[in-house]
1. Quick check: the angle from helix 69-90's long axis to the longest principal axis of the chain, C-alpha only, nearest 10 degrees?
2. Quick one: among 73, 129, 49, which has the greatest mean-square fluctuation in a GNM of the chain with alpha-carbon springs under 10 angstrom?
3. Quick one: grab the alpha carbon gyration tensor of the stretch 25-75, order the square roots of its eigenvalues as a ≥ b ≥ c, and give me rounded if a/c is under 1.5, else prolate or oblate depending on whether a/b is larger than b/c.
4. Let me make sure I get this right: for the stretch 3-90, a, b and c are the square roots of the gyration tensor eigenvalues over alpha carbons, sorted descending. Under 1.5 in a/c it's rounded, otherwise prolate if a/b > b/c, else oblate. Which is it?
5. How far is helix 18-37 tilted, in degrees, relative to the longest principal axis of the Cα atoms in the chain, given as a value from 0 to 90 rounded to the nearest 10?
6. Would you mind pulling out the separation of the Cα centroids of the stretch 1-45 and the stretch 115-157, in Å?
7. With axes computed from alpha carbons, what is the tilt in degrees of helix 151-175 against the longest principal axis of the chain, rounded to the nearest 10 within 0 to 90?
């Protein structure tokens, strides 16, 4: 779009027309993305575009229809770019150490393996629906569709399987 096109849309927007204003903001969104993509890291481009669009919206009453539109919008984009650069300087990233501490997942792995061993002690139909409903979060209806079991059978298998798991856990606890 040309400066004259943008100017016409802004004049219509200033007189309260919503459709031209939406079109102008869509055009400016594309233009601002290109503008900031050349000047900022990709992670902050969307935030800078939103800041600029908000500033354009808040300052739209200051635009003089007798003057070119592009310099007016470019000035706002430039000021928001400078603001973003200042914010990046204040929130500069720290260098990462070569040896980054990683949490020990040993307990989680051990627990998962213990749970799998317990589920192996159940009938396959019971273990399947317990995995689907209790561990993966599917509904009883979804588990029924996946396994081919009726909804009632899924419920029964969950109930009986959990009862069997309780018995297995108690035996292991009593044996220790």
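1. 50
2. 129
3. prolate
4. It comes out prolate by the Cα gyration axes.
5. The angle comes out at about 80 degrees.
6. Going from one Cα centre to the other spans 54 Å.
7. In the chain, helix 151-175 runs at an angle near 70 degrees to the longest axis.
Laboratory data are not the source of any read-out in this text; all were calculated from the coordinates shown. Everything numeric here is computed off the predicted structure, so don't read it as measured data.
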